[in-house]
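The values are calculated or read from the model by the stated rules, or taken from the named source; none is laboratory data. These numbers come from a predicted model, not from an experiment. Glycine also receives a Cβ, built like all others from the backbone with ideal geometry; neighbour counts cover every protein chain displayed. Surface areas here come from the heavy atoms of the whole protein model, side chains and all, with no ligands, DNA or RNA. Shrake-Rupley method; radii C 1.70, N 1.55, O 1.52, S 1.80 Å.
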Amino acid sequence: MSQVVSVLDGNTFVVSDRTGNIAGSPSEPHGLFFNDTRFLSRWVLTINGQRPGVLSVDDLNYFSVQFFLTPSSSTVYVNSGISLRRKRAVGGGFHEDLTIENHETGPVDLEIRIEATSDFADLFEVKDELAKRGEVYQRVEGDRLVLGYRRDRFVRETWISASAPEARYDEEGVSFKVRIPPQGSWSTCLEVVTAHRAILSSRITHTKYGHTGNGSSELARNTRAWIAQAPKVTSSWLDLPRVYDRCISDLAALRYETGVVPGCLPAAGLPWFMATFGRDSILTSFQALPFKPDLAKTTLEMLALLQGARVDDFRDEEPGKIIHELRLGEMTAFEERPHSPYYGGSDSTPLFLVLLDEYERWSGDAELVRGLEQAARNALAWIDQYGDLDGDGYVEYKSRNPETGLENQCWKDSWDSIRFADGRFASLPRATCEIQGYVYDAKRRAARLAREIWEDQELAERLEREASELKRRFNQDFWLQDRGYFALALDGDKQKVDSLTSNIGHLLWSGIVDADKAPLVARHLLSDRLFSGWGVRTMAEGDTAYNPIGYHVGTVWPHDCSFIALGLRQYGFAREAARLSLGVLQASVYFDGRPPEAFGGYPRDVTHFPVEYPTACSPQAWASGAPLLLLRTLLGLEPIGDRLLVVPAVPDTIERIEVIDIPGRWGKADAFARGQLALD
Amino acid sequence: MGKSARELFGGVGPEGHEPRLAGTHGTVRFEVRGAGCWLLRIDDGRYSIHEGSGNADLVVVSDEEDFSEVMEGRHNFITAALQNRLEASGDLGLLMRFQAVLRSRAHDREVASEVES
């Protein structure tokens with residue numbers, strides 16, 4: 001059972017223990033967070049000096065939770081005449097209703113206290129355990145407690161107030177001395193407001209100050225409507241709709257209203273990544289297209305607005321480049337971190353073009369493609385002019401900002417991910433294989449848009465020529481003839497980085513693999529070295545750097561697997577795609593229908609259940625998107641002109657799958673499948 | 001300190017055409033404390049700048065020094081706003097488009113000076 005309870009709304013979230021108490025430390029991600037800043041690091045309820053114990057926790061939905069408590073502080077339940085209910089809803093800070101009931105035959109006198117402090121840590125400081133530079137202050141201001149932080153003109157405040165007339169404020173919290181009659185109850189609302197004017201957030205929060213609670217009911221309506229509009233999935237395998245429904249509600253939770261463009265885009269994940277990302281937002285939107293195409297539209301519009309315009313070493317910015325990550329905390333504000341926004345991702349730009357085309361194929365929204373024509377042309381120009389650092393025809397990366405930039409600018413962005421089979425680190429700049437695949441796909445897709453929508457035949461022909469030339473060279477330069485798979489990367493000395501990794505699966509998705517090489521690639525992906533039985537490992541067992549709980553060198557990532565499965569299916573490996581899809585979906589069931597960011601790469605026949613990765617984000621947007629893309633793959637959903645093609649390849653262990661009301665340029669369509677594929 | 005707000009607006013106005021603002025429509029009011037108020041109207045790439053007040057889709061308020069730092073590309077709108085050096089309210093999409101133009105122009109100037117040298 002998780003010891004942490006999270007409620008969230010966009011980039012406001014509260015992480016507490018199972019009694020609702022928040023006791024964050026410099027390194028502990030408990031707290032109330034908003035715009036990458038911790039607005040409350042301590043929020044501890046005591047009754048007569050004792051912390052209550054938990055009876056149960058009721059997750060009402062992603063933005064509200066109810067804690068049932070008793071004054072007994074130990075884990076052993078002591079029959080108590082008092083019970084407490086703490087109902088918390090997030091939105092512009094959070095709102096908490098505290099109710100205490102006296103079940104005794106006589107009155108009780110209680111001293112109820114909530115201790116409140118804030119360290120106003122930037123999320124980067126929490127993650128990296130860094131010290132603060134400004135000044136923290138507290139003051140009682142009439143009927144509220146103000147916790148604040150100031151550094152030059154940077155000011156953030158948390159306002160705390162209670163509705164009960166007994167409230168007495170001091171600089172460290174609020175107390176209530178109450179007498180509750182027999183069989184009676186006492187209650188108060190507590191309002192915690194994150195107060196600052198926030199650019200790039202729809203919530204200018206201090207205007208919402210007050211004990212209204214209307215924010216959450218509006219949020220509830222909006223969320224119900226968003227979930228209700230999603231297609232419905234039913235299946236003879238009862239776990240499948242459970243996984244699907246859970247993922248749709250998690251995606252609803254991770255929606256992030258930027259306040260810059262209409263609609264919501266997916267934030268990357270809780271707790272570390274509640275922000276706008278290039279790669280994560282694009283890939284999640286791609287996964288969700290048959291179910292929730294609105295995410296792609298907002299993502300494309302937002303990323304186009306933030307597209308790079310000049311060369312800026314600190315931010316790794318170049319004209320036409322799509323962002324990697326946008327953050328709004330103190331370290332970003334003072335340029336101690338480059339995330340305003342940061343452009344250190346070399347795959348986001350081709351992936352932006354891939355999503356633009358795929359979105360139009362599903363939605364028929366040519367108007368958006370026309371509106372983003374210049375952004376798309378800028379992205380294409382970036383690929384050739386800046387993406388290819390040394391003129392060898394491949395996109396490679398090397399950060400312009402060695403101090404605070406990212407060393408690896410591909411999806412496996414941890415420092416130790418790009419290694420040779422013998423464990424050596426690849427030298428910079430690095431051209432990872434999947435990025436070349438994305439570029440190939442981006443150029444072919446942009447060629448279609450140029451021909452059909454921008455009416456630029458010349459551009460279309462040039463892009464097709466370049467794509468086909470890239471494919472020809474790539475199949476020579478990256479192919480490891482003696483191993484029968486593609487190198488992970490070319491390093492700075494143009495050496496082939498020869499470890500066997502999941503990246504080769506993305507090559508199938510991109511279409512860059514020559515037909516005669518595809519069966520070898522598929523065989524490797526489903527081999528014992530890469531396939532754990534639950535999914536494809538990021539790095540193969542047997543390579544020196546392999547570690548079943550190494551972040552990018554051995555764990556299994558559901559999102560990674562979902563794109564690999566689609567690639568397998570596109571190349572005609574329906575059985576292999578089904579096997580992989582089923583493995584990931586079955587693993588998701590073990591995580592209560594919520595696939596985590598990553599799980600251990602241990603072989604399935606050894607552990608019998610997928611092993612949790614210690615610090616994985618959960619929910620994580622592209623992990624929640626994975627079952628959606630796997631469903632698309634199993635059902636063989638493809639837009640063909642104005643029709644939705646359905647060509648199922650479902651394992652025979654699943655009798656039937658039905659998806660009702662798939663939105664697209666055809667209006668709404670249904671897909672039915674019977675499991676007929678024998679996997680063994 | 002860089003150029004004054006008056007010099008900056010004088011340098012780009014009173015009207016012109018910016019292809020990077022094709023498809024963009026809207027009015028921005030700049031309130032520069034101690035210097036004055038300017039209205040920038042954008043209509044599908046054509047723009048005009050007038051001194052004075054009026055209704056706007058986006059309002060940007062700042063001190064003159066912060067304003068010139070942002071306009072000359074030494075600070076970006078996002079870090080300036082996060083530091084409370086600048087307040088922006090209304091259509092933030094318009095703000096991002098405007099910032100992209102400023103940064104593109106800065107890029108063009110840098111490329112031109114590289115060519116000259």
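Overview of values
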| quantity | calculated |
| --- | --- |
| FRET E, pair A:Gln183, A:Leu60, Förster distance 25 Å, beta-carbon r, rounded to 0.05 | 0.40 |
| Alpha-carbon Rg with Dmax, taken over region A:282-432, Å | 16.1, 50 |
| Cα Rg, Dmax (largest Cα-Cα span) when computed across region A:435-492, Å | 14.0, 45 |
| Alpha-carbon centroids, region B:61-117 and region A:516-542: separation in whole Å | 48 |
| Chains B and A, summed buried accessible surface - 1.4 Å probe, Å², nearest 100 | 2300 |
| Three-way shape call for region A:7-149 based on the alpha-carbon gyration tensor, with the a/c threshold at 1.5 | prolate |
| Spin-label model distance (nm) - A:Glu166 vs B:Ser4, 7 Å beyond Cα toward Cβ | 6.3 |
| Added length on full extension, which subtracts the Cα-Cα distance from 0.36 nm per residue, A:Asp516 to A:Arg448 | 21.9 nm |
| Crossing angle, helix A:373-382 versus chain A [Cα axis fit, 0-90 degrees, rounded to tens] | 70 |
| Dipole magnitude of the protein assembly as shown, debye to nearest 20 (Cβ charges: Lys/Arg +1, Asp/Glu -1, about Cα centre) | 1380 |
| Residue-averaged beta-carbon neighbours from other chains (10 angstrom radius) around B:82-91 | 5 |
| Debye equation applied to the C-alpha atoms of region A:608-680, log10 I(q)/I(0) at 0.12, 0.22, 0.26, 0.27 Å⁻¹ | -0.46, -1.00, -1.15, -1.19 |
| CD proxy at 222 nm, helix term only [per DSSP H run n ≥ 4: -39500 (n - 2.57); per residue of chain A; nearest 500] | -9000 deg cm²/dmol |
| Fraction of alpha-carbon pairs over 35 Å apart in chain A - percent | 44 |
| Label point distance in nm, A:Phe68-B:Glu110, each placed 7 Å from Cα along Cα→Cβ | 6.1 |
| Helix A:214-228 vs. chain A, principal-axis angle (Cα, 0 to 90°, nearest 10) | 30 |
| Range of Cα positions in region A:471-617 per principal axis (Å), largest first | 45, 32, 25 |
| Share of carbon and sulfur in the accessible heavy-atom surface of region B:47-102 [1.4 Å probe, %] | 38 |
| Size of region A:124-184 as Cα extents on the principal axes (Å, biggest first) | 50, 27, 14 |
| Selected from A:Leu372, A:Ile383, A:Val311, residue furthest toward positive end of dipole (region A:247-404; charges at beta carbon) | A:Leu372 |
| Separation of alpha-carbon centers, region A:410-481 and region A:315-340, rounded to whole Å | 25 |
| Global geometry of region A:384-488, whether rounded, prolate or oblate, following the gyration tensor of its Cα atoms and the 1.5 cut on a/c | oblate |
| Qualifying GluC sites (Glu not before Pro) in region A:380-412, DSSP loop, other Cβ atoms within 10 Å at most 11 | A:Glu403 |
| Using distinct alpha-carbon pairs, which all enter the 1/r mean, Kirkwood radius of chain B in Å | 14.5 |
| Principal-axis tilt of helix A:433-452 within chain A, Cα atoms, nearest 10 degrees | 80 |
